[in-house]
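FYI, it's all coordinate maths here, none of it is from the lab. These numbers were taken from a predicted model, which means no experiment stands behind them. Glycine gets a Cβ as well: all are built from the backbone with ideal geometry, and neighbour counts include every protein chain shown.
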């Protein structure tokens with residue numbers, strides 16, 4: 001099964017080797033036909049601590065690294081990060 005890849009914005013980089021990424025999605029309400037924005041936050045593994053608040057990053061699903069961290073940052077030049 002392929003691993004999910006999402007794109008989002010870094011909202012926190014305070015933890016060591018971990019960043020929090022906010023992923024926004026837009027969808028249409030089934031009854032009212034209005035476009036709604038929803039966001040969700042994911043903890044992602046950043047091995048080198050290179051990403052800062054405001055950066056747009058891509059994250060990929062991976063094995064569980066800790067209790068709530070099962071995503072890792074993808075480095076576009078090398079493929080996978082970490």
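Listed by Cβ neighbour count within 10 Å, with the fewest neighbours leading, 17, 52 appear as 52, 17.
Subtracting the Cα-Cα distance from 0.36 nm times the residue separation, let me have the gained length for residue 14 to residue 38 in nm, one decimal. Mind showing how you got there, number by number?
Details: separation 24, 0.36 × 24 = 8.64 nm, distance 2.40 nm.
Value of the extension gain: 6.2 nm.
Only one of the values (1) 90; (2) 121; (3) 228 was calculated from this structure for volume of the Cα convex hull per residue in Å³; name its label. Here volume of the Cα convex hull per residue in Å³ agrees with entry (2).
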